[in-house]
Amino acid sequence: MPPVLRTAAVIAIVAGVTLPAHAVPPALAKFSADADATWNYARPAESEQRFRAELGQWPAGDPQALVLLTQIARAQGLQRQFADAHTTLDAIEPRLAGAPAHVRVRFLLERGRVFNSAGTQARAAPLFAEAVALAECDGDDFYAIDALHMLGIAAPPSERLDWDLKALAATERTTDLRSKRWLAPLYNNIGHAHQERGDFTTALAFYRKALPAYEARGDPGSVRVARWMIARTQRSLAQLDEAEVTQRALLTEYGRLGETNGYVFEELAEIALARGDAQAAQPWAAKAYAALKDDPGFAADQPPRLARLAAVAAGKAPPP
């Protein structure tokens with residue numbers, strides 16, 4: 001997008017102006033949706049390999065190939081291979097001028113996500129704003145809401161809830177059934193925004209709305225996370241018995257799946273600490289620390305929580 005048009009697009013979305021609508025080519029829209037459906041966000045390396053295998057079936061300049069490259073970059077970003085992700089996106093950029101606008105929207109989203117994951121939100125937010133404006137111009141509700149929801153993550157903290165609410169309004173307004181699937185993560189994100197502000201009662205109300213929305217999506221993994229979020233907030237509201245019942249039920253479910261979840265261990269440790277029982281917290285903290293210390297995302301983004309777990313596991317007073 002030329003700089004003048006880019007500036008106009010960003011001003012338009014900030015001002016709430018709707019640009020003239022075009023349309024994503026139907027075949028490309030279906031391809032993009034099908035590509036999204038193959039994602040396993042918990043296993044980005046596997047997703048990357050699937051996208052690379054599919055990539056070999058398309059000529060290099062085809063829009064479908066460019067969409068796949070954006071998703072390879074996203075998978076690299078989720079593996080914290082940020083330089084590789086930018087290199088993948090750099091290879092796409094010269095081809096954007098002759099590609100459908102939808103491809104540029106997906107490029108902007110993934111360039112922004114890589115910056116966001118790398119901790120440079122100031123570089124990410126303008127890209128998401130541009131993606132919103134361009135997707136709205138293209139009549140592309142799903143990716144416009146995606147970009148709005150990313151602004152709710154990458155914008156300055158004081159602005160995030162406003163962007164989340166804009167995304168929610170767009171989701172409630174759309175008639176596109178696929179776009180309606182954004183309700184679940186948006187309820188979750190709005191709950192998190194209130195949680196960060198210390199308004200745990202409102203946060204819990206939104207987390208309770210997210211749970212049935214995730215259940216309607218038929219995604220058991222997300223349902224488990226939604227239940228964890230409810231229990232985590234109940235702990236902040238001193239509803240310790242209810243929180244522990246949910247976390248122990250999740251512990252059993254993950255065990256049946258043959259999985260370990262450090263976040264459940266962490267919460268069981270925190271519930272014990274909230275009861276003043278540091279001795280009971282110690283083994284849970286040790287399990288949590290063992291599960292989370294080698295998680296590159298957690299180690300990079302949550303060093304205070306990791307230090308707290310290490311202290312509790314060692315029987316020392318936890319950092320505040």
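The values are calculated or read from the model by the stated rules, or taken from the named source; none is laboratory data. Quick caveat, the model's predicted, so the values are computed rather than measured. Heads up, the Cβs are rebuilt from the backbone with ideal geometry, glycines too, and the neighbour counts pull from every protein chain shown. For the accessible areas, the whole protein counts, side chains as well, though only heavy atoms, and no ligand, DNA or RNA atoms are used. Shrake-Rupley method; radii C 1.70, N 1.55, O 1.52, S 1.80 Å.
Placing unit charges on the Cβ atoms only, positive for Lys and Arg and negative for Asp and Glu, gives the range 158-312 a dipole magnitude near 260 debye about its Cα centre.
Using the average count of surrounding beta-carbon atoms within 10 Å as a protection proxy, the listed peptides 146-155, 232-241 rank, highest first, as 146-155, 232-241.
Computing Rg and the Kirkwood Rh from the Cα coordinates of the range 171-254 gives a ratio, Rg/Rh, of 1.01. Take every Cα pair under 8 Å whose residues are at least 6 apart in sequence, average their separation, divide by the length of the chain, and the relative contact order is 9 percent.
List the lysines whose Cα sits under 27 Å from the Cα of K180, skipping any in the same chain fewer than 8 residues away. List returned: K30, K166, K209. Measuring nothing but protein heavy atoms, the accessible surface of the range 267-306 at 1.4 Å probe radius is 53 percent carbon and sulfur.
Average accessible surface for the chain: 47 Å² per residue, computed with a 1.4 Å probe over protein heavy atoms with every protein chain in place. In sequence order, the range 301-309 has phi-based couplings of 9, 10, x, x, 5, 5, 5, 5, 4 Hz under the Karplus curve 6.51 cos²θ - 1.76 cosθ + 1.60, θ = phi - 60°, and Gly or Pro positions carry x. Sequence-ordered 3J(HN,Hα) estimates for the range 251-259 from the Karplus curve with 6.51, -1.76 and 1.60 and θ = phi - 60° stand at 4, 5, 5, 4, x, 5, 7, x, 10 Hz, glycine and proline given as x. In the range 14-138, the ratio of gyration radius to Kirkwood radius, Rg to Rh, stands at 0.96 when only Cα atoms are counted.
Between T38 and Q239, the FRET efficiency estimated from the beta carbon spacing at R0 = 45 angstrom works out to 0.70. Heavy-atom surface analysis with a 1.4 Å probe gives the range 120-206 a carbon and sulfur content of 56 percent of its accessible area. Once the cut-off is 29 Å, how many percent of the Cα-Cα pairs in the chain end up in the long-distance tail? Percentage above 29 Å: 42. Within straight-line reach of K293, meaning a Cα separation under 19 Å, sit the following lysines at least 8 residues removed in sequence or on another chain: K316. Distance between the 7 Å Cα→Cβ label points at A317 and T87: 4.9 nm.
Spacing of the modelled spin labels on E172 and W58, each 7 Å from Cα toward Cβ, amounts to 3.5 nm.
Just checking the listed ones, A45, A288, A135: in the Gaussian network model of the chain with Cα springs under 10 Å, the one fluctuating most is A45.
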